[in-house]
Each structure stands twice: as structure tokens, then as C-alpha cells.
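Peer 1: Pasting in a structure now, in C-alpha cells, and then I'll have a few things to ask.
The values are calculated or read from the model by the stated rules, or taken from the named source; none is laboratory data. Treat the numbers as computed from the prediction; the structure is a model and nothing was measured. Methodologically, a virtual Cβ is constructed for each residue, glycine included, from the backbone with ideal geometry; neighbour enumeration extends over all protein chains shown. Keep in mind that these areas ignore ligands, DNA and RNA; they rest on the heavy atoms of the full protein, side chains included. Shrake-Rupley method; radii C 1.70, N 1.55, O 1.52, S 1.80 Å.
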Amino acid sequence: MRMLINVAETVVADALRGMAAAHPRLTVDVENRVVVRSDAPVPGRVGLVSGGGSGHEPLHGGFVGPGMLSAACPGEVFTSPVPDQMVRAAAAVDSGQGVLFVVKNYTGDVLNFDMAAELAEDEGIQVAKVVVDDDVAVSDSTFTAGRRGTGATLFVEKIAGAAAEEGAPLERVEAIARQVNASSRSFGVALSAVTTPAKGTPTFDLPPGELELGIGIHGEPGRERRPMMTSGEIADFAVDAVLEDLRPTRPVLALVNGMGATPLLELYGFNAEVQRVLSARGVAVARTLVGNYVTSLDMAGCSVTLCQVDEELLRLWDAPVETPALRWGR
């Protein structure tokens, strides 16, 4: 195992200490595992809280800041955070306008956020919840009842975060988050297996010269395994899988996402192929984001997420944001 770590047991705490040192506009509680924007709670604004297992960075802590999340709860690697973290986060960001939980559809996350919502409401915090389930590859897979939550989490957090920043009430922020999720679909591809710090070896077997189509962000199995394909062939397969389910009639936001070990040189080349397929299918692209945003530690691979947008969703996407991983307009 070759990893830039001390010991596996302190990986998350060490990363949070480094995050605190790098981003003084965040309040990072290393002991209790909560990352909060430093000006929280913002008077008159709905709070947005998300979280999940570590190993998907910059999701979620890297998306905390003005125009996006109010707080994030990092769990252990590929392990849900616990309800106490979520309740602390909700209390830290609640201005009296309520809190929206953004939850990826993984069983542990859903159960723990449900429990946290009940505990927070017992403390007088109004809580709404949106579950992100955008992955079209498989249903009812490892860790999941129904579709997995993947790249669309970024779209939900950004667009709902912009609505909250504008002062929209909780019911409206929740409705926008649900609209974004309903308008988004994703498909991922693995070129190599993922290695967790605790295990120290690949978590699944992917022989040289093969790839997995429809992989999950924890290394869950996909639709099928094939011999290595070209970038263009992968784009054809992934984009068609998304479009078959989404069937957009309006322009889309496109996220070409790296799984952690794929360099930008390859991702931009893959984006060229994605844009080619979308153009050939008559799909207009309103905005494109390319990079490593919803990752799986050291997995090589990529995912494509498309979100059909109207004028309001596009305006909220373009609204200013200032987080460690996403920043424009400020």
C-alpha cells in the first residue's frame, strides 16, 4: 500500500486538521467531525446540511460555504456519519428558518439522517430532507435500496444552496432540491479498483485490460464488465444510458467527473467525447463542469451527470458560490 497517510485510524481526523489549516473561513470541529461555514447561522436563511462517508472529497466538506452547504458531516471512510454529527451540524446552522438535509441514497446515510431529523426536531429545529438517487446504472445494489446517489448531489447542493442564500423559505428550498434530483441522471465507469486505507488492497478485482460499466462510488458492481474501451466508446455507452432514462427536452448541465485518480488531461478529452455524443443526440448543453468532485479515493474512472434545467435552475446554478472546491461570481 502506498498512501500519503500516517495510520489508517487517523486518516479522517488528519484530513480535517489539514482542511482547517487551509480554509480559515470554515469552522472545522475535528473531534465531533462537523464542518461549518464560519458565519453560520446566517440570519433569515435556511441551513443546508449534507454528509456521508469520507473518501469522496471534495464532496461534502469541500462544498461548505456561501452559496452552497452550510455544514457537512464526514463519516469514516465509506461509512455514514452518525446522527449526533448531523444534529450538531443542524444546531450550528439553524437561524430559525429550518434546515434541509441533503442525503445520498445509501442505506446507512438514509437511516442516520432520518434519526437525526427526529432528534433535531425534538430540539425545536424544523428539518426537511431530500434523498439524491440519480444513478441509472443499477437499482437495489450493495448499500442501497433503489438507485444510488452520486454526481447529482453536487447539482442539488449548489442549486438549493443558491436558493437558500437568496432567502427562499424551507419549503421552496426543498422543492427546488427535489426538482434538481428529479431532473438529474448519472452513470459511472471504473478503470481500476479502489483501495481503502483500512484494507490496504483493492476492494474488488478488476483485471488489467478490463473496465466496469455502471460502477458505484464505493466500488459497488455495475451493469457489466468489458475489455477496455476508447474514450469515445465509453462516452457513447455512458451518455446513452443517461439519455435513455432522462430524455431531456430542455438544455442540460453536464458534469464530467473524475473518480479520484483520473487526470484532467483525460477528463477533458473524455468531455470532448461527451459533448460530441450530446450534440449528435440533439441535446443542448447550458453549462459544463469538468473535474474530480464526487470521487472514490484512488479509483481511476469517470462519471457523467446531466441535469435538465429551466431558467430558474440555470440562474441558481450561475449564482455566486464560495467554497473550497467550487467558486465563482464572488
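Peer 1: Give A160, A193, A168, A175 a once-over and let me know the one that is part of a helix (DSSP H, G or I) and open to solvent by less than 40 Å² (accessible area, probe 1.4 Å).
Peer 2: Sole residue among the options that is part of a helix (DSSP H, G or I) and open to solvent by less than 40 Å² (accessible area, probe 1.4 Å): A160.
Peer 1: For region 14-29, how many residues meet the condition of being surrounded by fewer than 16 Cβ atoms within 10 Å (Cβ to Cβ) and touching a residue at least 12 places away in the same chain (Cβ under 8 Å)?
Peer 2: Kept after step one, since they are surrounded by fewer than 16 Cβ atoms within 10 Å (Cβ to Cβ), are these residues of region 14-29: 14, 17-18, 20-22, 24-25.
Adding the requirement that they be touching a residue at least 12 places away in the same chain (Cβ under 8 Å) leaves 17, 22, 24-25.
Qualifying residue count for the region: 4.
Peer 1: Moving to a separate point now. Determine if region 288-300 includes at least one residue that is among the small types (G, A, S), modelled with pLDDT of 95 or more and farther than 30 Å from V11 by Cβ.
Peer 2: No, that holds for no residue.
Peer 1: Filter region 72-92 down to the residues that are more than 19 Å from the chain's Cα centre (by Cα) and open to solvent by 30 Å² or more (accessible area, probe 1.4 Å) and list them by number.
Peer 2: D84, R88, A91, A92
Peer 1: Taking the options S54, S50, S38, name whichever one is open to solvent by 60 Å² or more (accessible area, probe 1.4 Å) and of a type outside the set (D, E, K, R).
Peer 2: S38
Peer 1: Inside region 246-267, can you point out the residues that are hydroxyl-bearing (S, T, Y) and either surrounded by 21 or more Cβ atoms within 10 Å (Cβ to Cβ) or in contact with a Gly (Cβ under 8 Å, 6 or more places away or on another chain) (or both)?
Peer 2: The answer is T262, and nothing else.
Peer 1: Yes or no: region 268-281 includes at least one residue that is hydrophobic (A, V, I, L, M, F, W, C), crowded, with 21+ Cβ neighbours inside 10 Å and within 20 Å of G65 (Cβ to Cβ).
Peer 2: Start the filter on region 268-281 by keeping residues that are hydrophobic (A, V, I, L, M, F, W, C), which leaves 270, 272, 274, 277-278, 280.
Those still in the list that are crowded, with 21+ Cβ neighbours inside 10 Å too: 270, 274, 278.
Remaining after also requiring within 20 Å of G65 (Cβ to Cβ): none.
Within region 268-281, not a single residue is hydrophobic (A, V, I, L, M, F, W, C), crowded, with 21+ Cβ neighbours inside 10 Å and within 20 Å of G65 (Cβ to Cβ).
Peer 1: Further question on the same structure: Give, as residue ranges, the strands (runs of 3 or more DSSP E) completely inside region 1-92 that count at least 3 residues that are closer than 17 Å to E165 by Cα and touching a strand residue (DSSP E or B) at 6+ places or on another chain (Cβ under 8 Å).
Peer 2: Filter on region 1-92 gives 47-54.
Peer 1: For region 98-132, which positions are among the charged types (D, E, K, R), open to solvent by less than 60 Å² (accessible area, probe 1.4 Å) and outside any helix (DSSP H, G or I)?
Peer 2: First, the residues of region 98-132 that are among the charged types (D, E, K, R): 104, 109, 114, 118, 121-123, 129.
After this cut, where a residue has to be open to solvent by less than 60 Å² (accessible area, probe 1.4 Å) as well, the list is 104, 109, 114, 129.
Listed by number, the residues that qualify are K104, K129.
Peer 1: Ok, one more. Give the residues of region 304-321 that are more than 30 Å from M1 (Cα to Cα) and either buried (at least 16 other Cβ atoms within 10 Å of the Cβ) or of a type in the set (S, T, Y) (or both), sorted by residue number.
Peer 2: If the condition is that a residue be more than 30 Å from M1 (Cα to Cα) and either buried (at least 16 other Cβ atoms within 10 Å of the Cβ) or of a type in the set (S, T, Y) (or both), then T305, L306, C307, Q308, V309, L313, L314, L316, W317, A319, V321 are the ones that fit.
Peer 1: Could you list, in sequence order, all residues of region 205-245 that are touching a Gly at 6+ places or on another chain (Cβ under 6 Å) and either among the hydrophobic types (A, V, I, L, M, F, W, C) or part of a loop (DSSP other than H, G, I, E, B) (or both)?
Peer 2: Residues satisfying the conditions are L213, G214, I215, G222, R223, M228.
Peer 1: Quick check on this structure: which one of A198, A145 is modelled with pLDDT under 95, farther than 22 Å from M259 by Cα and open to solvent by 30 Å² or more (accessible area, probe 1.4 Å)? Don't jump to the end; show me each part of the working.
Peer 2: Details: A198 fails: farther than 22 Å from M259 by Cα.
Just a single option satisfies the conditions, and that option is A145.
Peer 1: Of these, V277, V256, which one is in a helix (DSSP H, G or I), among the β-branched types (V, I, T) and farther than 14 Å from A300 by Cβ?
Peer 2: Working: V256 fails: in a helix (DSSP H, G or I).
Among V277, V256, only V277 is in a helix (DSSP H, G or I), among the β-branched types (V, I, T) and farther than 14 Å from A300 by Cβ.
Peer 1: Report yes if some residue within region 293-303 is open to solvent by less than 20 Å² (accessible area, probe 1.4 Å), in contact with a helix residue (DSSP H, G or I) (Cβ under 7 Å, 6 or more places away or on another chain) and over 22 Å from A72 (Cα atoms); otherwise report no.
Peer 2: Scanning region 293-303 turns up at least one residue that is open to solvent by less than 20 Å² (accessible area, probe 1.4 Å), in contact with a helix residue (DSSP H, G or I) (Cβ under 7 Å, 6 or more places away or on another chain) and over 22 Å from A72 (Cα atoms).
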